Structures are given as C-alpha cells and as structure tokens.
1. For the stretch 211-235, how many residues meet the condition of being within 14 Å of the chain's Cα centre (by Cα) and either closer than 18 Å to residue 196 by Cα or not in a loop (DSSP other than H, G, I, E, B) (or both)?
2. Which one of the conditions (1) buried (at least 17 other Cβ atoms within 10 Å of the Cβ); (2) in a helix (DSSP H, G or I); (3) modelled with pLDDT of 95 or more does residue 176 fail to meet, given that it meets all the rest?
3. On the basis of being closer than 30 Å to residue 7 by Cα, touching a residue at least 60 places away in the same chain (Cβ under 8 Å), out of contact with any helix residue (DSSP H, G or I) (no Cβ under 7 Å at 6 or more places or on another chain) and not polar (S, T, N, Q), does residue 168 make the cut?
4. Return yes when residue 159 is part of a helix (DSSP H, G or I) and modelled with pLDDT of 95 or more and no when it is not.
5. Exactly one of (1) over 12 Å from the mean Cα position of the chain (by Cα); (2) over 20 Å from residue 139 (Cα atoms); (3) not basic (Lys, Arg) is unmet by residue 54. Its number?
6. What are the residue pairs meeting all of these: first residue in the stretch 41-67, first residue under 29 Å from residue 10 (Cα atoms), second residue among the basic types (Lys, Arg), Cβ atoms under 9 Å, and 6 or more apart or on different chains?
7. Please state which of the following conditions residue 197 fails to meet, knowing it meets all the rest: (1) of a type in the set (S, T, N, Q); (2) free of Cβ contacts under 8 Å to residues at least 60 places away in the same chain; (3) in a loop (DSSP other than H, G, I, E, B).
Amino acid sequence: MPDYETPEYKAEIENLIRITNDFMSGLWFCIHDTGRDHEFWDKHLFSYISQDIIQSSYSIYLLAREGITNPCKRELRFLLELTIKQCYIEQQMPRASVTDKLDQYSKLLNSPSISIKSDITLSLLPAATKDTFLADVGRFYGVSSKYVHLSSQQVEERIELLKRGITVGKEGVTEIKDMIQSIRLGYSLVLTLIYHSIPSYVAGDWLVDSDGSSNKWYFGKSKYIAGIDSYFDYKHERKSDLQEIQKKREANIEF
C-alpha cells in the first residue's frame, strides 16, 4: 500500500486540516476585532494585506494536501516577508495613512531583504525568547528562499525523491510530516508578527478565555504564542488560577 493511502498519512492530513483551520480562525478574529475601529481599518496595512494572507494560507493547505511541497515553501516565505514588513512599517508610522506608508517605504516593500527584522519591537514576547524568535525568522526565511528561484538544492532533492519512487502528489509520510512541521512553525512566526503590528488587546481577547484559561488553540503549542499568552498573566480573571494556567501552558509547548 502506498504511503498516501495509509492511516498514518491520512492522520497527518487531518493534522494539516486542524492547523489550517486554527490559523484561519486566529486570523479572522484579528480581522474582526480590529475592524471594530474604523480609523484603524482605514489606516492599517493589515486591513488590506490580511486578504493576501488568507489567499496564501488556503493555497498552502491545498498544495500540501496534494503533496505539492515546493510551492508551499514559496508561499510561506511570502507570508513571512509580508508580515515582517507590515510589522516594521506599522511600528514606525502607526498613525499615518496607508498612502503615506506606501510612499515612505516603497523601496523596502520592493526589496527582498528582511534585515529590518532586528528593528522590530517584540514587546509581547518574554525577553528570553526574543533572540530565538529572530533567529528562527532568519533561518526560516533563508531556507524557504532557496525555493523561490531555481537552486541546486531543489534539483538534488528532486533527484533523491525520484530515486525513492516518489513523484508529485505521491509523497510519503516523512514528506508530509516535514511539510507540516514547516507550516506550523511558519504560521507561528507569522502570527507573532501580526500580533506585534496590531493593538495588543487583540491577542489578549483571543488568547485568554473568559475564565482566565488559555484558549485551546493549536498554536498554543508554539513557544512564541505561549510566550505572548504569558504577557496577559496580569489579567484579573487569571489571578486565582495563575499557577495552574502557567503549568498547563508550559506543558503544552511542542515547537
């Protein structure tokens, strides 16, 4: 039986569906929560590029489900570049119009460089994870960039897959697992950047349930989203059960 027909492979597809749905749910919440402020909606880049994020994330799901992995990596790179630049620009010019932002940063937007990542303020992350986050962003962007244009690595990987009898749409369990690992890390980096580009109350509204517990969200498994969740430990509804909330949050981290 080919890998893609096995229960293990099908279970990984179910995992992909959950990751996609949870990413979309978190993204749509950001859109609706910020949309209550009409001034924000008119001036913030997120109001517009969120549509591109939706398109890319849905594309990633469709491509990964069919075993088409290299275009997935290109889309993930695009999302990371997009949210890095949005975050930086919004932190630099939070009250400016979208037109002024585009005029001021047209060269930045047209450049593939993400060196500005080191100038982004990561106020929601614990100090101990900020350097790790920036390192992961740089590493992820570098690896995914190898799939934007033709590279020897792409060709060598394809040769190796074909030697193993793996053609497009017939990837094995190892390949889908590796792709899912990339997707969930990439999405956690993107979400972290989005939260640092919009009002902090949005992350608090989403991550903290009414009883103070952490939202039972797939991305709570990310050390970066868990770190952002910990920023809101000051909330009154968490005071009575804070130690238990912190314990569960720490035990839930996977990546």
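1. First, the residues of the stretch 211-235 that are within 14 Å of the chain's Cα centre (by Cα): 217-226, 228.
Cutting the leftovers down to either closer than 18 Å to residue 196 by Cα or not in a loop (DSSP other than H, G, I, E, B) (or both) gives us 218-226, 228.
The total comes to 10.
2. Condition not satisfied by residue 176: (3).
3. Numbers: closer than 30 Å to residue 7 by Cα: yes; touching a residue at least 60 places away in the same chain (Cβ under 8 Å): yes; out of contact with any helix residue (DSSP H, G or I) (no Cβ under 7 Å at 6 or more places or on another chain): yes; not polar (S, T, N, Q): yes.
It is true that residue 168 is closer than 30 Å to residue 7 by Cα, touching a residue at least 60 places away in the same chain (Cβ under 8 Å), out of contact with any helix residue (DSSP H, G or I) (no Cβ under 7 Å at 6 or more places or on another chain) and not polar (S, T, N, Q).
4. Numbers: part of a helix (DSSP H, G or I): yes; modelled with pLDDT of 95 or more: no.
Spelling it out, it is not the case that residue 159 is part of a helix (DSSP H, G or I) and modelled with pLDDT of 95 or more.
5. (1)
6. 67/170
7. Of everything listed in (1) of a type in the set (S, T, N, Q); (2) free of Cβ contacts under 8 Å to residues at least 60 places away in the same chain; (3) in a loop (DSSP other than H, G, I, E, B), residue 197 misses just condition (2).
Each row is one residue, and each column tells you yes or no for (1) of a type in the set (A, V, I, L, M); (2) in contact with an Asp or Glu (Cβ under 8 Å, 6 or more places away or on another chain); (3) within 17 Å of residue 91 (Cα to Cα).
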{"residue": "108", "(1), (2), (3)": "yes, no, yes"}
{"residue": "113", "(1), (2), (3)": "no, no, no"}
{"residue": "122", "(1), (2), (3)": "yes, no, yes"}
{"residue": "133", "(1), (2), (3)": "no, no, no"}
{"residue": "137", "(1), (2), (3)": "yes, no, no"}
{"residue": "141", "(1), (2), (3)": "no, yes, no"}
{"residue": "159", "(1), (2), (3)": "yes, no, no"}
{"residue": "164", "(1), (2), (3)": "no, no, no"}
{"residue": "183", "(1), (2), (3)": "yes, no, no"}
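The values are calculated or read from the model by the stated rules, or taken from the named source; none is laboratory data. Bear in mind the structure is a predicted one, so any value in this text is a computation, not a measurement. In this analysis, Cβ positions are derived from the backbone assuming ideal geometry, glycine residues included, and neighbour counts consider all displayed protein chains.
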